[in-house]
1. List, in order, the whole-Hz ³J(HN,Hα) value for each residue of segment B:60-68 obtained from phi through the Karplus relation with A = 6.51, B = -1.76, C = 1.60 and θ = phi - 60°; use x for Gly and Pro.
2. Take peptides A:23-34, B:105-116 and line them up by average Cβ neighbours within 10 Å, highest first, as a rough protection proxy.
3. Past 30 Å, Cα to Cα, is the threshold; run A:K46/B:K90; A:K42/B:K137; A:K42/B:K124; B:K70/B:K90; A:K46/B:K126; A:K46/B:K137 against it and keep the listed order.
4. Near the amide H of A:S12, under 5 Å away, which other amide H atoms are found, from residues 5 or more places off or on another chain, if H is placed in the peptide plane?
5. Can you give the mean number of other chain Cβ atoms that lie within 10 Å of the Cβ atoms in peptide B:109-119?
6. Return the long-range amide H neighbours of B:W76 (sequence gap of 5 or more, or a different chain), with a cut-off of under 5 Å between placed amide H atoms.
7. Just order B:120-133, B:59-72 by mean Cβ neighbour count inside 10 Å, highest at the front, would you?
8. Starting at the first residue of segment A:16-28, write each ³J(HN,Hα) from the Karplus equation 6.51 cos²θ - 1.76 cosθ + 1.60 with θ = phi - 60°, in whole Hz, x for Gly and Pro.
Amino acid sequence: MPSDQNNTRFESRQINDTLNRLQESKTSHTILIYPNLRALRKVYSKYFNIEIQKTELS
Amino acid sequence: MVTDSKQNNFAESNDGIKSENSILVFDSYDIMNNPSLKPVNISSPAFSGHDMPIINFLYSTLAHADSLNKESVEFWIDIGPFFNSKLNIKYLLQYEKISSRILKDTILRQYCLFHEKDFEIRLKEKQQNNVLDCHLKKIFIMDSPQP
């Protein structure tokens, strides 16, 4: 998690919840901060409904 | 935008999507550093007054979507190449500001993907705030431990 004392700058969301928020929202400009490539791979896989092999994002 | 290595994977697993040209996958680094992406010659003030290949790419993508009668475009951009090339943080901040203007006037929705460490370590606090101020929604993705 971003180490700022001020974590209120972000919504902290589990991956599934993140995807729900993105699909519900029509916000035009969103920043997504990910902790590791595994999380990023999960987001891509679930959002685009595709399989991404581990090696492809490592 | 994602890496080249993923391109084949997208294509193989999404034949329907591929045939509609609905997903375009490019290497962010190549686009950001591609001088052959010439400045666009259009009247929209949102696109003018810059020399950033990636903005030209945005415009090209929108034009492509328009040719396919798409009603919206989602632009997923990995910010990592801004930190790993001749580009710099000033360039990143400029891009975020310009793209915010563009997003107001188009069917584009943009998702900027930052690795936590890039955001924390490479950006000073003021720069972090400047980046955040450009975004309407800010999400930190929490990863659950592997089973």
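1. 4, 5, 5, 5, 5, 4, 4, 5, 9
2. Highest to lowest by the protection proxy: B:105-116, A:23-34.
3. A:K46/B:K90; B:K70/B:K90; A:K46/B:K126
4. B:F140
5. Going residue by residue through B:109-119 and averaging, the value is 6.
6. Amide H neighbours of B:W76: B:Y111.
7. Ranking the peptides B:120-133, B:59-72 by packing returns B:120-133, B:59-72.
8. Running phi through 6.51 cos²θ - 1.76 cosθ + 1.60 with θ = phi - 60° gives 4, 5, 4, 5, 4, 4, 5, 6, 6, 8, 10, 4, 7 Hz.
The values are calculated or read from the model by the stated rules, or taken from the named source; none is laboratory data. Predicted, not measured: the structure shown is a model, and the values here were computed from it. Because the Cβ atoms are built from the backbone with ideal geometry, glycine has one as well, and the counts that use them run over all protein chains shown. What goes into the accessible areas is simple: the full protein's heavy atoms, side chains included, and nothing from ligands, DNA or RNA. Shrake-Rupley method; radii C 1.70, N 1.55, O 1.52, S 1.80 Å.
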